[in-house]
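Below is one structure, written out as structure tokens; the observations come after it.
Since every read-out is calculated from the coordinates, none of them should be taken as a lab result. Quick caveat: nothing in here was measured; it's all calculated off a predicted structure. Methodologically, a virtual Cβ is constructed for each residue, glycine included, from the backbone with ideal geometry; neighbour enumeration extends over all protein chains shown.
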Amino acid sequence: MTPGRTSRRPHIKSRTGCRNCKRRKVKCGEERPCCRNCLRRGVACDILERLGVPNAPAHQPATTSPASTSTGSGLPQSQTPSGGVGGATGITNLTMLDLELLHHYSTSTYLTLSADPVSRNYFLVRVPQLGFSHPYVLYSMLSLAASHLAHFRPESRQFYSAEATARHTAATSLATPLLSEISEANAVPMYFFSTFTLFISFATLRGEEDLFFNADDVMPGWLTLFRGMRTVLESNGRALLSSSISFLFQPRADVGRNWESNEVDLDALSDLQAFIDASTSEHDQERRHLLDAFVDLKRAFYSFYGEDLSNDAKIRSIFTWMYKISDDYINMLRHRNNLALCILAFFCVLLNRLEYNWWLKGWGTHLIDRIYTALDGVHRFRIRWPIQEIGWVPRRETI
């Protein structure tokens, strides 16, 4: 090597990346059945089509069940984007694996989505019926069932994870064109597509969580996805409240009525609020966004440290916080604002308290690890209580 010249890192040029990556002029990792960039952005990926291979995983472990031995993937190749009855033609090519996933959803997965008997019955009976008329609901439902199996069948984890990704990619390709055309006719199925997408993003397997992070990002993908769910709710609140799922929103209304009046009083929370006050000026716009997010977080803490509430109530409280935080606070997280990250670190405590829900398992420790790595020494000291409460130990290289 010539003196004075720096060595270049060896790399492989790709000419077969997906169209989305080419259009955005970013390197495509060519992961199958959906590249990492498209999965993170929640858009349909055409990498399999570009590579000229069938839409199925490259191999299948021998440890999978007999029902999984003949998949053919069975995902829609070309469907109308209406997601209505006309779009249901793509369902005719369901495979044995799809039937296995449907069976698992109807005997196991639906039980993990709510403890309320009425809600459970709706997830069991009505949601699959919606899926038969709206394929994006069906494929997102099957994707969640595959994610559930991936968690509890470690010997087949890679296989079921790939199948979950393939089905969610198919669902997203059908639902995305409808996001700008939500109406009373499709508000309910779009709500359940959004709900399943949120569960799926939470349920990303350990060791693969980075699929829902940018390489240098701290904010998890499910926080962004929840904004999309909020759009569905805000755009069609009246239609949903007068629909067959209006009962689902009654507990949320109860939470809303109690939200403003209940806050938990913890010394650690008081210390953080004092630090935010001392670190920002009274007329600083960022201060208002931070304190709004922080006050709502104190209200979410009430469901865990104030009263002994049900699991469903605790989950609603973290979803309420995710719903109420402002876009300005989200942007502060994107830009790695230290104070915004400190607030998110306290939120990790609530995630950790709920990790007996399979789809939340591991997120409290995983997220606080990312936050700790991003913070400087001064602000790391400010999150010592969440670290102690979670029982997490920093990695040696981050100390």
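Once both labels are modelled 7 Å past Cα along the beta-carbon direction, what's the K27-R336 spacing in nm?
It works out to 1.9 nm between the two label points.
Apply 1/(1 + (r/R0)^6) to the Cβ-Cβ distance of R153 and D267, taking R0 = 51 Å, and write down the FRET efficiency to the nearest 0.05.
Using R0 = 51 Å, I get an efficiency of 0.70.
Please give, to one decimal in nm, the separation of the simple spin-label points placed at R288 and V118, each 7 Å out from Cα toward the Cβ.
Computed distance between label sites R288 and V118 equals 3.9 nm.
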